[in-house]
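Quick notes on the structure that follows.
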Amino acid sequence: MPELGDEALDASRQKWEAANVSSYELRYQKVCECHREMPSDTIVTVERGDIVRVRFDREDFLDEVPVPPERL
């Protein structure tokens with residue numbers, strides 16, 4: 001018998017696939033020792049299943065800081 005979390009995950013996957021989303025961005029914040037007082041948001045751009053761009057967004061920077069392509 002599947003776990004309750006598995007059923008919720010399966011239902012969410014079905015909704016995602018039905019929406020037929022091919023490109024999207026996600027934003028998350030990782031808190032680490034190096035920037036504990038001012039963590040940056042990481043923004044990931046996905047196009048057709050491939051990560052095509054990653055950048056950092058911090059309140060103390062005027063512009064977003066791109067991640068070099070070799071580090072994607």
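Values in this text are rule-based calculations from the coordinates and carry no lab data. Predicted, not measured: the structure shown is a model, and the values here were computed from it. We place every Cβ from the backbone using ideal geometry, glycine too, and count neighbours over all the protein chains shown.
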task: Report, to the nearest 10°, how far helix 4-19 tilts away from the longest principal axis of the Cα atoms in the chain, using its own Cα long axis and a range of 0 to 90°.
output: 80 degrees
task: Just order 45-55, 18-28 by mean Cβ neighbour count inside 10 Å, highest at the front, would you?
output: 45-55, 18-28
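Above 14 angstrom, tally the Cα pairs of the chain and express them as a % of all pairs, no decimals. Mind showing how you got there, number by number?
Numbers: 1815 of 2556 pairs.
Percentage above 14 Å: 71.
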- prompt: Gain in length, Arg71 to Val31, computed as 0.36 nm per residue apart minus the alpha-carbon separation, to one decimal in nm?
  reply: 12.5 nm
field: Value at 222 nm in deg cm²/dmol, rounded to 500, when DSSP H runs of n ≥ 4 in the chain each add -39,500 (n - 2.57)
entry: -7500 deg cm²/dmol
message: Within the range 25-46, list the residues whose amide N lies under 16 Å from a label point set 7 Å along Cα→Cβ of Phe61.
response: 26-32, 34-45
